[in-house]
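Everything below concerns the one structure shown next.
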Amino acid sequence: MTGINRIFLLSAVCLGIVQATGQAPYNYTEVLQKSILFYEAQQSGYLYKNRIPYRGDSALYDRGQRGEDLVGGWYDAGDHVKFGFPMAAATINIAWGIYEYKDVYIETGLLEEALDQIRWPLEYFIKCHTSQNELYYQVGDPSADHGYWGRPEDMTMERPAMKVDEETPGSEVAADTATAMIIGSILFADEDEEFSALLMEHGIELYNFANTYRGNYPGTHYDANDYGDELTLAALWLYIASEDPAYLAEAEQFYIDFNQKKRVYSYSWGSKTPAVQVLLYILTGKSGYRDKFENYVNGWLPEGSLPYTPKGLVYRNEWGPLRYAANTAMIALLGADHDISTDAYRQFAIRQIHYMLGDTGRSYVVGFGENPPQRPHHRSSSCNDAPAPCNWSDHRKPEPNPHILYGALVGGPDINDTYADVRQDYRANEASCDYNAGFQTAIAALLRLERDGYWSPEPDPEIDQ
């Protein structure tokens, strides 16, 4: 690590943190900044702005099937595949948070960092959209990639690229990529007019491609059951960006055509229905959309239909349970900020996010709080500084990772709140781009509540502490 990088990292992580006023027991600003740093640790390509001292340029020869430049983007998790669908979903959740809570990002001095954060995948998506009806959605072979434990800078395996087009459509990944670009276009309108216009041009083309050539994309990882929710969400953001009522009418028709009144399993990379419901209510004021949104969120409340751990985590799935709770906390806070079950949803979200930050006596955010994870299932941070070798022995070693993966939210505990800080346990201890995205926006929402003097609720007496 160079002296310059040491100073830069210290200034980015330890200094300049402005603690917002209010009664929150955690430094949300620190969490927000460290979440941004996590995404910087996931960057692939030429690192022209590198604040992560153990990272360097990597995957510089990622190419499409005709030699197109596909350098850039985020590595998905602890591995080095670039999966476009969850990358787009994560970008949407972060960008939506910047759009909704821009005042918070400005007040904390983090707006520039946050815009840089989402510029990285957005520039990559532009590269992936190689023609009007063609989009690359994956770079890397998961089998070969998962057989390698080492630095991304040292990879030598083949990295094939997969695409969707008119003959092999992929409406969900094309529509989600379009949505990410459209929100990005809104955010960069005042910062970079040329980039904003380019994002809108690509976003509209991808939306039209997704809608005209309908079908589920052929990805073997991060598949989705349907694409109607992604199409609807893209239409809604096009309406927000353009104020063209035709897009809102199209979204309302999609809502009917694709039966988006139902309560879905979760709000996640593969399911955007709760986002559709809350946005339709915000934009139209129609109570039917609010009712369906409440039907979803209410199922996650302590009196709802889902189980809770003894210490208070709503438990949707053993694979990344904190991600599911964080995503619903995010969407609940957005609804609450638009007068939907405000107090109940804020209290639910605060309890879930505070569980992650340390209410049980340990943090689940690497490099933050009390007793945080030290052995995340994450290749690059597990490696000693180059030129030392890095291989599967680093995966198995009991020592903490040599490098701190600042800001990474790990998968989380089991249904009994049991958690082992073990690198080999990828279900509990892997970090992922989609894990942090809803979490980051929920943190931004809580920062605003803290600024506005909202008193954090006491723990629910009905949940054992």
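The values are calculated or read from the model by the stated rules, or taken from the named source; none is laboratory data. Given the structure is predicted, the values throughout are model-derived calculations rather than measurements. Note that we place each Cβ from the backbone using ideal geometry, even for glycine, and neighbour counts take in every protein chain shown.
What are the residues in the stretch 297-313 that are touching an Asp or Glu at 6+ places or on another chain (Cβ under 9 Å) and free of Cβ contacts under 8 Å to residues at least 12 places away in the same chain, if any?
Residue satisfying the conditions is E303 alone.
Could you list all residues from the stretch 388-401 that are touching a residue at least 60 places away in the same chain (Cβ under 8 Å) and surrounded by 15 or more Cβ atoms within 10 Å (Cβ to Cβ)?
Those that are touching a residue at least 60 places away in the same chain (Cβ under 8 Å) and surrounded by 15 or more Cβ atoms within 10 Å (Cβ to Cβ): C390, D394, H395.
Considering only the stretch 300-345, how many residues are assigned to a loop (DSSP other than H, G, I, E, B), of a type in the set (A, V, I, L, M, F, W, C) and either under 17 Å from Y265 (Cα atoms) or modelled with pLDDT under 95 (or both)?
Here the count works out to 5.
With D116, D145, D165, D154 as the choices, which residue is modelled with pLDDT under 95 and either under 21 Å from the mean Cα position of the chain (by Cα) or at negative phi (or both)?
Values: D116 fails: modelled with pLDDT under 95; D165 fails: modelled with pLDDT under 95; D154 fails: modelled with pLDDT under 95.
Result of the check over D116, D145, D165, D154: D145.
What is the residue count in the stretch 360-387 for residues that are of a type outside the set (D, E), more than 14 Å from D154 (Cα to Cα) and free of Cβ contacts under 8 Å to residues at least 40 places away in the same chain?
Residues in the stretch 360-387 being of a type outside the set (D, E), more than 14 Å from D154 (Cα to Cα) and free of Cβ contacts under 8 Å to residues at least 40 places away in the same chain: 4 in total.
Exactly one of these conditions fails for D223: (1) under 22 Å from the mean Cα position of the chain (by Cα); (2) modelled with pLDDT of 95 or more; (3) surrounded by fewer than 22 Cβ atoms within 10 Å (Cβ to Cβ). Give me its number.
(2)
How do the helices (runs of 4 or more DSSP H) wholly within the stretch 1-101 filter down when requiring 2 or more residues that are β-branched (V, I, T) and modelled with pLDDT under 95: which remain?
3-13
So F125 passes all but one of these: (1) crowded, with 18+ Cβ neighbours inside 10 Å; (2) in contact with a Phe, Trp or Tyr (Cβ under 9 Å, 6 or more places away or on another chain). Which condition number does it fail?
Failed condition: (2).
Restricting attention to the stretch 163-185, report how many residues are surrounded by fewer than 21 Cβ atoms within 10 Å (Cβ to Cβ) and in contact (Cβ under 8 Å) with a residue 12 or more places away in the chain.
Initial filter on the stretch 163-185 (surrounded by fewer than 21 Cβ atoms within 10 Å (Cβ to Cβ)): 165-168.
Cutting the leftovers down to in contact (Cβ under 8 Å) with a residue 12 or more places away in the chain gives us 165-166, 168.
The total comes to 3.
Could you count how many residues in the stretch 298-330 are touching a Phe, Trp or Tyr at 6+ places or on another chain (Cβ under 7 Å), closer than 19 Å to H377 by Cβ and not charged (D, E, K, R)?
5
Output the number of the condition that N50 fails; it satisfies all remaining conditions of (1) in contact (Cβ under 8 Å) with a residue 60 or more places away in the chain; (2) touching a Gly at 6+ places or on another chain (Cβ under 9 Å).
All conditions pass for N50, except number (1).
Specify which of the listed residues (S393, S363) is within 17 Å of Y435 (Cα to Cα), of a type in the set (S, T, N, Q) and at pLDDT 95 or above.
From the options S393, S363, the qualifying one is S363.
Six or more apart or on different chains, Cβ atoms under 6 Å: show the pairs whose first residue is in the stretch 69-88 and at positive phi and whose second is part of a loop (DSSP other than H, G, I, E, B) and of a type outside the set (F, W, Y).
Pairs that qualify, where the first residue is at positive phi and the partner is part of a loop (DSSP other than H, G, I, E, B) and of a type outside the set (F, W, Y), are G73/S44.
Yes or no: the stretch 162-176 includes at least one residue that is basic (K, R), in a loop (DSSP other than H, G, I, E, B) and under 17 Å from G219 (Cβ atoms).
So the first thing to find is which residues in the stretch 162-176 are basic (K, R), and the list is 163.
Next, from what is left, pick out any that are in a loop (DSSP other than H, G, I, E, B): none.
Looking through the stretch 162-176, none of the residues is basic (K, R), in a loop (DSSP other than H, G, I, E, B) and under 17 Å from G219 (Cβ atoms).
Against the definition (at pLDDT 95 or above, touching a Leu at 6+ places or on another chain (Cβ under 7 Å), more than 28 Å from A431 (Cβ to Cβ) and surrounded by fewer than 21 Cβ atoms within 10 Å (Cβ to Cβ)), how does L283 come out, yes or no?
When the stated conditions are applied, L283 passes them.
Going through the stretch 138-147 one residue at a time, which ones are buried (at least 18 other Cβ atoms within 10 Å of the Cβ) and assigned to a loop (DSSP other than H, G, I, E, B)?
Within the stretch 138-147, G140 is the sole residue that qualifies.
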